[in-house]
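I have placed the structure first, in the form of structure tokens, so that the comments after it can refer back to it.
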2 protein chains.
Amino acid sequence: MIRINEHYQKLTASYLFADIARRVAAYCQAHPQVRILRLGIGDVTRPLPPAVIQAFHEGVEEMARPETFRGYGPEQGYPFLREAIAREDFQARGAQVEADEIFVSDGAKCDVGNFQELFAQDIRVAVPDPVYPVYVDTNVMAGRTGAFAQGRYEGLVYLQGTKANGFIPDLPSQPVDLVYLCSPNNPTGATMTRQDLERWVAWAQEHKALLLFDAAYEAYVRDPALPRSIFEVPGARQVAVEFRSLSKTAGFTGTRLGYTVVPKACLAYSADGTPHALHALWNRRHTTKFNGVSYPVQKAAAAVFSPEGRAQCQALVDGYLANAARIRACFKELGYYCVGGDNSPYVWVECGMDSWEFFDLLLTRAGVVCTPGVGFGACGQGYARFSAFGSPETVEEAMERLRRILPSRP
Amino acid sequence: MIRINEHYQKLTASYLFADIARRVAAYCQAHPQVRILRLGIGDVTRPLPPAVIQAFHEGVEEMARPETFRGYGPEQGYPFLREAIAREDFQARGAQVEADEIFVSDGAKCDVGNFQELFAQDIRVAVPDPVYPVYVDTNVMAGRTGAFAQGRYEGLVYLQGTKANGFIPDLPSQPVDLVYLCSPNNPTGATMTRQDLERWVAWAQEHKALLLFDAAYEAYVRDPALPRSIFEVPGARQVAVEFRSLSKTAGFTGTRLGYTVVPKACLAYSADGTPHALHALWNRRHTTKFNGVSYPVQKAAAAVFSPEGRAQCQALVDGYLANAARIRACFKELGYYCVGGDNSPYVWVECGMDSWEFFDLLLTRAGVVCTPGVGFGACGQGYARFSAFGSPETVEEAMERLRRILPSRP
């Protein structure tokens with residue numbers, strides 16, 4: 001009898017975005033005259049930059065002719081792309097990362113989800129709360145947790161984000177082997193400082209732990225004092241892996257390209273303490289279960305790192321950051337506590353009430369859609385996430401409506 | 001301490017294609033005047049069909065304008081593609097498959113590799129021998145085998161392909177829960193008849209087992225009596241999942257698109273015997289660890305199913321099949337036993353000697369590269385795989401050279 005992986009039965013169905021859609025649909029049906037302004041979903045809206053489009057077309061055209069056609073490429077990505085990434089994303093910022101330490105994939109979500117396969121089933125895992133759900137669900141599927149009870153999985157360590165710590169989780173007080181970190185954070189928009197990362201790297205070295213650093217939103221960091229890669233911190237190469245994506249950097253949410261940096265110095269251990277290079281393990285996983293990213297997409301991605309591409313992507317990100325600043329300014333002006341929105345496309349706002357109550361208030365009184373913070377974990381209760389990926393007009397009008405309906409807070 | 005998944009340590013490094021490359025390089029260096037003819041690798045060489053290129057460009061162009069730009073799409077694929085696949089690949093051949101039973105991905109290798117995640121760790125797994133290595137390695141990584149000893153992993157059931165059964169493995173004689181089948185087969189090119197599949201479906205129903213049917217080469221089936229999908233067999237919807245790919249159908253090895261059919265009727269069980277729909281489990285896995293295929297690639301893929309695209313892809317496949325027929329005819333003429341090559345791009349030839357000895361003979365005497373069969377498993381010893389994906393000129397010249405150096409066999 002073919003038996004299922006029963007760990008899947010522990011997964012709680014995520015009703016967050018389905019719930020949002022249902023409530024919005026019901027409201028729209030009852031009030032067809034209201035124009036709904038959506039600041040809920042973390043998806044980009046602006047087209048791909050011209051340099052990217054041009055390279056994408058060129059890549060397609062190469063596939064049309066026998067002399068330039070490409071079949072299977074290297075699973076890890078073409079050297080032209082890995083070299084551009086190493087140079088522009090890391091070496092140019094003083095981070096020592098070599099091209100052959102970069103594994104190109106079809107998105108950071110896949111890599112973040114798959115990376116835990118490299119580890120023993122009984123390691124102790126810590127995730128932030130609020131949390132990007134993929135960190136949790138993939139470890140549940142792998143059998144690293146107990147049942148879901150009172151909003152949390154037994155056996156997982158939740159690193160609490162609170163007003164007290166500005167939504168930058170503290171080091172764990174209990175033993176942990178694998179830690180997921182995300183900065184700029186999804187959903188809170190909070191950014192870790194160099195000192196924060198130094199503290200984590202020192203902690204990981206002391207405990208022979210590993211940091212999985214999700215930097216999908218690094219392009220939104222504008223404060224030159226803030227690190228954009230964990231590899232800007234000395235010693236990180238031994239204890240950290242970094243996930244990146246062009247989704248929010250260059251508008252690739254529907255084009256699909258991410259990459260993972262696994263330094264050759266990064267180690268994990270057998271039960272007897274023998275060290276193993278994670279680079280070789282991930283390479284084995286990547287080449288066995290993945291067959292490389294579409295060649296025209298890699299060609300398009302390489303254009304992101306050209307001088308024109310960089311300027312165009314910076315303009316794209318600047319546009320979204322201007323939206324974020326508008327959202328942040330509105331809530332600040334009204335006296336709401338918030339984080340994010342300055343070096344991040346997300347603004348995380350304290351509602352002053354239950355997350356869903358706030359959601360309903362904004363929907364029914366202003367026709368504005370946000371994401372209830374409690375959907376990202378227990379620590380999100382009483383908060384809401386606002387996304388800056390809409391058009392400037394949408395964001396401007398949404399904030400005007402909110403100014404009209406929300407009371408000022410002391 | 002961060003501990004590794006020690007099952008990875010059981011993996012034997014695959015030296016097959018590295019070994020081939022090394023021997024070819026050494027020979028080339030010693031004999032720079034010889035033009036090497038490569039019939040080893042299973043990668044296509046002809047460009048994408050014009051209809052596909054045009055749709056690919058259109059998809060890229062849509063990403064350039066705000067009004068047609070696409071961000072995150074449905075993880076399972078766009079309806080326009082899933083509907084075209086259901087209609088043309090299945091319903092047109094009398095197989096009952098609905099669009100929402102099709103999960104579009106970036107390749108069959110990924111799906112075939114990932115699908116085993118849905119099952120308990122202690123299920124009993126059977127693979128063909130010779131075998132596409134992904135079936136084996138992904139189960140080793142998941143901890144479903146013991147050590148590698150004498151060419152095989154302990155705990156795996158190997159279904160032997162031999163001259164006696166024409167490289168169509170018999171039903172297992174021991175208890176098995178999950179079976180990998182591949183037809184037209186890689187590496188042997190052998191094709192399963194409707195009766196073969198009916199026997200497997202009946203066996204799976206009787207044992208509540210599951211068949212993972214790899215149909216990546218189905219486009220090469222020309223004999224109308226041969227099934228192209230396992231879902232042409234009544235009852236298969238309860239006990240089978242099918243993997244497909246545009247890699248060999250439409251030249252997508254470097255463009256990347258595959259799909260997996262999980263019928264809603266297909267079941268697996270909890271330890272207590274409760275049935276679960278695999279469709280829901282795979283949907284959970286797919287949406288948690290994958291974010292959909294690049295939109296322009298899906299658009300290009302949909303063109304494969306248009307009338308022009310179908311005609312152009314058929315011509316592409318016909319070209320490779322003509323190569324396969326040339327290879328097969330040559331060996332038949334020389335009196336060699338072989339399978340495949342009529343409804344498959346691979347010809348599997350009995351060498352009359354050790355696989356590597358034959359490889360070296362062909363390389364050093366004729367400058368022709370094949371793949372030693374023993375690289376695909378113990379049952380491949382004494383065989384070699386010839387791939388039909390080269391140009392007609394390459395194949396023609398290679399066969400001429402072989403006719404000159406190979407002795408006729410009785």
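The values are calculated or read from the model by the stated rules, or taken from the named source; none is laboratory data. Small disclaimer: the values here were computed from a predicted structure and weren't measured. Cβ sites come from the backbone with ideal geometry, for glycine too, and all protein chains shown count toward neighbours.
Evaluate the range B:127-134: report whether one residue or more is within 29 Å of B:ARG284 (Cα to Cα) and within 9 Å of chain A (Cβ to nearest Cβ).
Yes.
Within the range B:157-196, can you find the residues that are surrounded by 14 or more Cβ atoms within 10 Å (Cβ to Cβ), out of contact with any Phe, Trp or Tyr (no Cβ under 7 Å at 6 or more places or on another chain) and either of a type in the set (Ser, Thr, Tyr) or farther than 20 Å from B:TRP348 by Cβ (or both)?
Those that are surrounded by 14 or more Cβ atoms within 10 Å (Cβ to Cβ), out of contact with any Phe, Trp or Tyr (no Cβ under 7 Å at 6 or more places or on another chain) and either of a type in the set (Ser, Thr, Tyr) or farther than 20 Å from B:TRP348 by Cβ (or both): B:VAL157, B:TYR158, B:PRO172, B:VAL176, B:ASP177, B:VAL179, B:SER183, B:THR191, B:THR193.
Just to be sure, is A:ALA311 out of contact with any Phe, Trp or Tyr (no Cβ under 6 Å at 6 or more places or on another chain) and buried (at least 24 other Cβ atoms within 10 Å of the Cβ)?
Details: out of contact with any Phe, Trp or Tyr (no Cβ under 6 Å at 6 or more places or on another chain): yes; buried (at least 24 other Cβ atoms within 10 Å of the Cβ): no.
Taking the combined requirement at face value, the residue does not satisfy it.
Please state which one of B:ALA225, B:ALA301 is farther than 19 Å from B:TYR180 by Cβ, surrounded by 22 or more Cβ atoms within 10 Å (Cβ to Cβ) and more than 10 Å from chain A (Cβ to nearest Cβ). Don't jump to the end; show me each part of the working.
Values: B:ALA225 fails: surrounded by 22 or more Cβ atoms within 10 Å (Cβ to Cβ).
Being farther than 19 Å from B:TYR180 by Cβ, surrounded by 22 or more Cβ atoms within 10 Å (Cβ to Cβ) and more than 10 Å from chain A (Cβ to nearest Cβ) holds for just one of B:ALA225, B:ALA301, which is B:ALA301.
Which residues, taken from the range A:279-293, are touching a residue at least 60 places away in the same chain (Cβ under 8 Å) and either out of contact with any Pro (no Cβ under 7 Å at 6 or more places or on another chain) or closer than 24 Å to A:LEU210 by Cα (or both)?
Filtering the range A:279-293 down to residues touching a residue at least 60 places away in the same chain (Cβ under 8 Å) leaves A:279, A:281-283, A:285-287, A:289-293.
Hits for the range A:279-293 are A:HIS279, A:LEU281, A:TRP282, A:ASN283, A:ARG285, A:HIS286, A:THR287, A:LYS289, A:PHE290, A:ASN291, A:VAL293.
B:TRP203 passes all but one of (1) under 16 Å from the mean Cα position of the chain (by Cα); (2) outside any loop (DSSP other than H, G, I, E, B); which number fails?
With respect to (1) under 16 Å from the mean Cα position of the chain (by Cα); (2) outside any loop (DSSP other than H, G, I, E, B), B:TRP203 is out only on (1).
Applying the selection to the range A:62-120, what residues are crowded, with 23+ Cβ neighbours inside 10 Å, part of a loop (DSSP other than H, G, I, E, B) and either within 14 Å of another protein chain (Cβ to nearest Cβ) or of a type in the set (Lys, Arg) (or both)?
A:MET63, A:GLY77, A:ASP106, A:GLY107 - these are the residues of the range A:62-120 that are crowded, with 23+ Cβ neighbours inside 10 Å, part of a loop (DSSP other than H, G, I, E, B) and either within 14 Å of another protein chain (Cβ to nearest Cβ) or of a type in the set (Lys, Arg) (or both).
Filter the range B:266-321 down to residues that are part of a loop (DSSP other than H, G, I, E, B) and of a type in the set (Val, Ile, Thr) and give me whichever is farthest from the chain's Cα centre (by Cα).
Initially, the range B:266-321 is screened for residues part of a loop (DSSP other than H, G, I, E, B), giving B:266, B:270-274, B:290-294, B:304-306.
Retained after the next criterion (residues that are of a type in the set (Val, Ile, Thr)): B:274, B:293, B:304.
Details: B:THR274: 32, B:VAL293: 20, B:VAL304: 19 Å.
In this case the residue turns out to be B:THR274.
A:PHE359 is checked against (1) over 30 Å from A:ILE53 (Cα atoms); (2) surrounded by fewer than 23 Cβ atoms within 10 Å (Cβ to Cβ) and fails just one. What number does that condition carry?
Every listed condition holds for A:PHE359 apart from (2).
Quick one: how many residues across the range A:121-155 are buried (at least 20 other Cβ atoms within 10 Å of the Cβ), in a loop (DSSP other than H, G, I, E, B) and touching a Ser or Thr at 6+ places or on another chain (Cβ under 8 Å)?
Count: 1.
Hey, among the residues in the range B:149-172 that are modelled with pLDDT under 95 and out of contact with any helix residue (DSSP H, G or I) (no Cβ under 6 Å at 6 or more places or on another chain), which one's nearest to the other protein chains (Cβ to nearest Cβ)?
Quick first cut of the range B:149-172, residues modelled with pLDDT under 95 only: B:149-152.
Those still in the list that are out of contact with any helix residue (DSSP H, G or I) (no Cβ under 6 Å at 6 or more places or on another chain) too: B:149-150, B:152.
Values: B:ALA149: 20, B:GLN150: 22, B:ARG152: 18 Å.
Looking at residues that are modelled with pLDDT under 95 and out of contact with any helix residue (DSSP H, G or I) (no Cβ under 6 Å at 6 or more places or on another chain), I get B:ARG152.
Just checking, does the range B:79-101 include any residue being within 20 Å of A:ALA300 (Cα to Cα) and either small (Gly, Ala, Ser) or in the same structural domain as B:ARG284 (by TED's automatic domain parsing) (or both)? Reasoning before the result, please.
Kept after step one, since they are within 20 Å of A:ALA300 (Cα to Cα), are these residues of the range B:79-101: none.
No, because not a single residue in the range B:79-101 is within 20 Å of A:ALA300 (Cα to Cα) and either small (Gly, Ala, Ser) or in the same structural domain as B:ARG284 (by TED's automatic domain parsing) (or both).
Filter the range A:107-157 down to the residues that are among the aromatic types (Phe, Trp, Tyr), closer than 19 Å to B:ILE2 by Cβ and touching an Asp or Glu at 6+ places or on another chain (Cβ under 9 Å) and list them by number. Before the answer, list the steps.
From the range A:107-157, those among the aromatic types (Phe, Trp, Tyr) are A:115, A:119, A:132, A:135, A:148, A:153; that's our starting set.
In the following step, the residues that additionally are closer than 19 Å to B:ILE2 by Cβ were identified as A:115, A:119, A:135.
Listed by number, the residues that qualify are A:PHE119, A:TYR135.
Please go through the range B:323-346 and give me each residue that is out of contact with any Leu (no Cβ under 9 Å at 6 or more places or on another chain) and aliphatic (A, V, I, L, M), ordered by number.
Those that are out of contact with any Leu (no Cβ under 9 Å at 6 or more places or on another chain) and aliphatic (A, V, I, L, M): B:ALA324, B:ALA325, B:ALA329, B:VAL339.
Among the residues of the range A:1-53, write down those that are within 30 Å of A:ALA311 (Cα to Cα), more than 9 Å from chain B (Cβ to nearest Cβ) and not in a loop (DSSP other than H, G, I, E, B).
A:LEU37, A:ARG38, A:ALA51
Being among the small types (Gly, Ala, Ser), at positive phi and not assigned by TED's automatic domain parsing to the domain that holds B:THR371 narrows it down to one residue among B:GLY254, B:GLY189; which is it? Break it down stepwise before answering.
Working: B:GLY254 fails: at positive phi.
Among B:GLY254, B:GLY189, only B:GLY189 is among the small types (Gly, Ala, Ser), at positive phi and not assigned by TED's automatic domain parsing to the domain that holds B:THR371.
Against the condition among the small types (Gly, Ala, Ser), farther than 27 Å from A:GLY341 by Cβ, more than 10 Å from chain B (Cβ to nearest Cβ) and not in a loop (DSSP other than H, G, I, E, B), how does A:ALA219 come out, does it pass? Give the derivation first.
Numbers: among the small types (Gly, Ala, Ser): yes; farther than 27 Å from A:GLY341 by Cβ: no; more than 10 Å from chain B (Cβ to nearest Cβ): yes; not in a loop (DSSP other than H, G, I, E, B): yes.
Considered against the rule, which asks whether it is among the small types (Gly, Ala, Ser), farther than 27 Å from A:GLY341 by Cβ, more than 10 Å from chain B (Cβ to nearest Cβ) and not in a loop (DSSP other than H, G, I, E, B), A:ALA219 comes out as no.
Test A:PHE56 against the stated conditions and say whether it is within 9 Å of chain B (Cβ to nearest Cβ), among the aromatic types (Phe, Trp, Tyr), in contact with a helix residue (DSSP H, G or I) (Cβ under 6 Å, 6 or more places away or on another chain) and in a helix (DSSP H, G or I). Give the steps one after another, and end with the answer.
Numbers: within 9 Å of chain B (Cβ to nearest Cβ): yes; among the aromatic types (Phe, Trp, Tyr): yes; in contact with a helix residue (DSSP H, G or I) (Cβ under 6 Å, 6 or more places away or on another chain): yes; in a helix (DSSP H, G or I): yes.
Yes, satisfied.
Read through the list (1) in contact with a Ser or Thr (Cβ under 8 Å, 6 or more places away or on another chain); (2) in a loop (DSSP other than H, G, I, E, B); (3) touching a residue at least 40 places away in the same chain (Cβ under 8 Å), then give the number of the only condition that A:ALA225 fails.
All conditions pass for A:ALA225, except number (3).
Collect the residues in the range B:2-44 that are surrounded by 15 or more Cβ atoms within 10 Å (Cβ to Cβ), touching a strand residue (DSSP E or B) at 6+ places or on another chain (Cβ under 7 Å) and either more than 23 Å from B:ARG401 (Cβ to Cβ) or in the same structural domain as B:GLY254 (by TED's automatic domain parsing) (or both), keeping them in residue-number order.
Result: B:ILE2, B:ARG3, B:ILE4, B:ASN5, B:LYS10.
Which residue is farthest from B:ALA18 (Cα to Cα), if the candidates are limited to the range B:362-373 and must be β-branched (Val, Ile, Thr) and surrounded by 22 or more Cβ atoms within 10 Å (Cβ to Cβ)?
Checked the range B:362-373; the qualifying residue farthest from B:ALA18 (Cα to Cα) is B:VAL368.
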